[in-house]
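The block underneath contains the structure these notes are about, expressed in structure tokens.
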Amino acid sequence: MLDDLLKVIGSLTVFLYGNLYGNLLSEEHKTFLSSGYKCPNCNKTLLNRAGISTVKFYSKDGTKMNIFTASFRGEIAECPHCGHRWNLYAKSSPIITPNKLEIVNIIETHRSEEILGEEKRLIDNSRSTSKTTRRFTVSREWSKSYSIQYENTQVNGTELNLGLKLPETELANLKITSQETLNKQYSITEGTTENYTEEVEIEVPGSKKLKIIFTWKRIWQHGIIKFQDQNNQVFDVPFQVAVGVTFDQTQIDE
Ligand SMILES: [Zn+2]
């Protein structure tokens, strides 16, 4: 339904532009509009839930534009998912593509733990004089996720937050390539969750009440992705990836 509606709106836009400015739009942009705003490369619908375009626009020289200035001066559209670029107009100059980044390697450095919360269980064996063994399952859902510290990226050994400026297109390219690299390396798919489950066996002596506290922790793998571009510039991009959860177990006599 929505898909069809978008196609109608998109086709109408093509029709209007065609009539207002002559046949100015590029074939690829017309296809994009009449398909209902689907990326010509990855086929994702490039609208957010509010129906606002998520396409990124750039001027001829590669400067990023917002959607309002883009309607007057924008010449290049870019898909936020796959990075595919296309010309908006039929007679645009060739697309400026940022330097291709080659992955040199991915260096894993250290691991850290982040406390997620506590879970308590009470085992009451106070009415019995003999010891008992309780078995139960503890589990926690978690998702593989990552964060990339772009501001701490080093270009030829100089950190970006120390005043070094990368052109907007280079930075966007660095972001997309870093995300793709991590998704691939750590088999991360957006929105999927994993379930960690473990069997726990606890022995409680007779006439005792025990409180068991599980402290859940997320395990972060830290590291650096090393890229090199055609001009032999080296980029060190720091990241952290959630690689699992674990817990500590404490027992308290009640
Ligand atoms: Zn795409």
Going by the structure shown, is Val245 touching a helix residue (DSSP H, G or I) at 6+ places or on another chain (Cβ under 8 Å) and either in a strand (DSSP E or B) or β-branched (Val, Ile, Thr) (or both)? no
Of all residues in region 53-80 being within 16 Å of the ligand (Cβ to nearest atom) and small (Gly, Ala, Ser), which is modelled with the lowest pLDDT? Ser53
What are the residues in region 215-231 that are at pLDDT below 95 and touching an Asp or Glu at 6+ places or on another chain (Cβ under 8 Å), if any? Phe227, Gln228, Asp229
Selection from region 27-52 of residues more than 11 Å from the ligand (Cβ to nearest atom), part of a loop (DSSP other than H, G, I, E, B) and out of contact with any helix residue (DSSP H, G or I) (no Cβ under 7 Å at 6 or more places or on another chain) yields Asn48, Arg49, Ala50, Gly51, Ile52
Sort out which residues of region 36-52 are surrounded by 12 or more Cβ atoms within 10 Å (Cβ to Cβ) and touching a residue at least 12 places away in the same chain (Cβ under 8 Å), and write them in order of number. Gly36, Tyr37, Cys39, Pro40, Asn41, Cys42, Lys44, Thr45, Leu46, Leu47
Would you confirm, using the coordinates I've provided, whether Arg135 is in contact with a Phe, Trp or Tyr (Cβ under 6 Å, 6 or more places away or on another chain) and under 30 Å from Tyr196 (Cβ atoms)? no
Would you confirm whether any residue within region 81-94 is touching a Ser or Thr at 6+ places or on another chain (Cβ under 8 Å), at pLDDT 90 or above, within 16 Å of the ligand (Cβ to nearest atom) and in a loop (DSSP other than H, G, I, E, B)? no
In region 140-167, what residues are crowded, with 16+ Cβ neighbours inside 10 Å and over 23 Å from Val243 (Cα atoms)? Gln154, Val155, Leu160, Leu166
Please work out which one of (1) closer than 30 Å to Tyr196 by Cβ; (2) acidic (Asp, Glu); (3) modelled with pLDDT under 75 is the condition Glu114 fails and give its number. (3)
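For (1) under 30 Å from the mean Cα position of the chain (by Cα); (2) part of a strand (DSSP E or B); (3) at pLDDT 90 or above, each residue gets a yes or a no:
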| site | (1), (2), (3) |
| --- | --- |
| Leu171 | yes, no, no |
| Glu180 | yes, no, yes |
| Val200 | no, yes, yes |
| Ile212 | no, yes, yes |
Has region 148-160 got any residue that is on the phi > 0 side of the Ramachandran plot and either in contact (Cβ under 8 Å) with a residue 12 or more places away in the chain or part of a strand (DSSP E or B) (or both)? yes
Going through region 126-147 one residue at a time, which ones are polar (S, T, N, Q) and either more than 30 Å from Glu254 (Cα to Cα) or assigned to a strand (DSSP E or B) (or both)? Thr132, Thr133, Thr137, Ser139, Ser143, Ser145, Ser147
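The values are calculated or read from the model by the stated rules, or taken from the named source; none is laboratory data. Note that this is a predicted model, so its numbers are computed, not measured. Note: ideal-geometry Cβ built from the backbone for every residue, glycine included; neighbour counts use all protein chains shown.
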